[in-house]
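Report on one structure; see the data block that follows.
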Amino acid sequence: MVIDSGFHEVPGADIPGVLDEAARRGVPVFTLSTDGRTDKEAFFGAVRETLPLDPPLGTHRMVWDALPDSLWGGLHELTSSRVVIVWPDAGPVAGAEGEFRIALEILRDVTGSLADVRRTGGRPTQVSVYVAPAQAPAARSLD
């Protein structure tokens, strides 16, 4: 599997391949987990628990405008020039609305701005974001 920079919606079955390839290449991986929730509280909780943030976000502060700067700063301070972010239990990207759409836009924007040589002072970071829709629970047999 090839790890491409940018934002990608993939089937959940592709996530293990992404993780294997990142491990093979020694690329840091950050896995967001929201248990299939796409609301602001779940997203901010996953970001706080998983991603490097600089400046840090307060534990009770959920401000969309502060998140991109904090995420950008935290990822830019890493020593790796490549990073993979995986969100394996998100919702479908197509038709995303409300808070989920905002979360996806922030992830998209950070991938682009961290790749910009001028904005990063000549030290860009290739960020690859892979979002997979949460698996629906399997139907149970009534046998």
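The values are calculated or read from the model by the stated rules, or taken from the named source; none is laboratory data. Here the structure is a predicted model, which is why all the values come from computation and not from measurement. Don't worry about glycine lacking a Cβ; one is built from the backbone with ideal geometry, like all the others, and counts go over all protein chains shown. Areas reflect the complete protein model, heavy atoms only, side chains present, ligands, DNA and RNA absent. Shrake-Rupley method; radii C 1.70, N 1.55, O 1.52, S 1.80 Å.
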Practice task
Could you rank Met62, Met1 by how accessible they are, 1.4 Å probe, largest area first?
Solution key: Met1, Met62
Problem - Amide H contacts under 5 Å for Ala90, placed H, 5+ residues apart - result: Ala132, Ala134
Practice task
State, in angstrom, two size descriptors of segment 68-125 derived from its alpha carbons: Rg to one decimal place and Dmax to the nearest whole number.
Solution key: 12.7, 36
Fill in the blank from the handout: Applied in sequence order to segment 11-23, the curve 6.51 cos²θ - 1.76 cosθ + 1.60 (Karplus, θ = phi - 60°) yields integer Hz couplings, x standing for Gly and Pro, of x, x, 5, 7, 4, x, x, 4, 5, 5, 5, 4, 5
Fill in the blank from the handout: Once Lys and Arg are counted +1 and Asp and Glu -1 for all other residues with Cβ under 13 Å from that of Ser80, the total becomes +2
Practice task
Tabulate in residue order the Karplus-calculated ³J(HN,Hα) for segment 120-131, using 6.51 cos²θ - 1.76 cosθ + 1.60 with θ = phi - 60°, rounded to whole Hz; enter x for Gly and Pro.
Solution key: 9, x, x, 10, x, 10, 7, 9, 10, 10, 10, 10
Completion exercise
For the chain, longest principal axis from Cα atoms; helix 98-115 axis from its Cα atoms; angle between them, nearest 10 degrees, is 40 degrees
Practice task
Would you work out which of Ser80, Leu53, Thr111 lies farthest towards the positive end of the dipole of the chain, given +1 charges on the beta-carbon of Lys and Arg and -1 on that of Asp and Glu, about the Cα centre?
Solution key: Ser80
Exercise for the section: Excluding Ala96 itself, calculate the net charge of residues whose Cβ lies under 12 Å from the Cβ of Ala96, where each Lys or Arg counts +1 and each Asp or Glu counts -1. Expected result: -2
Problem - Of all accessible heavy-atom area on the chain, the percent that carbon and sulfur account for (1.4 Å) - result: 51 percent
Fill in the blank from the handout: Zone reached by a paramagnetic label modelled 7 Å from Val117 Cα along Cα→Cβ, restricted to segment 70-105 with backbone N below 20 Å, covers 76-77, 80-83
Practice task
If a/c stays under 1.5 just call it rounded; otherwise compare a/b with b/c (prolate if a/b is bigger, oblate if not). Do that for the chain, with a ≥ b ≥ c from the square roots of the Cα gyration tensor eigenvalues.
Solution key: oblate
Practice task
Can you list which of the trypsin sites (Lys or Arg not before Pro) found in segment 21-73 are DSSP loop residues with at most 15 other C-beta atoms within 10 Å?
Solution key: Arg61
Fill in the blank from the handout: Between the Cα axis of helix 40-50 and the main Cα principal axis of the chain, the angle (0 to 90°, nearest 10) is 60 degrees
Exercise for the section: Starting from the Cα of Glu97, step 7 Å along the direction of its Cβ; do the same at Arg25; then give the gap between the two resulting points in nm. Expected result: 3.6 nm
Completion exercise
In the neighbourhood of Phe7 defined by beta carbon distances under 12 Å, the net charge of the other residues (Lys, Arg +1; Asp, Glu -1) is -3
Practice task
Determine the dipole magnitude for the chain: charges of +1 sit on the beta-carbon of Lys and Arg, -1 on that of Asp and Glu, nothing else is charged, the reference point is the Cα centre, and the result goes in debye to the nearest 20.
Solution key: 380 debye
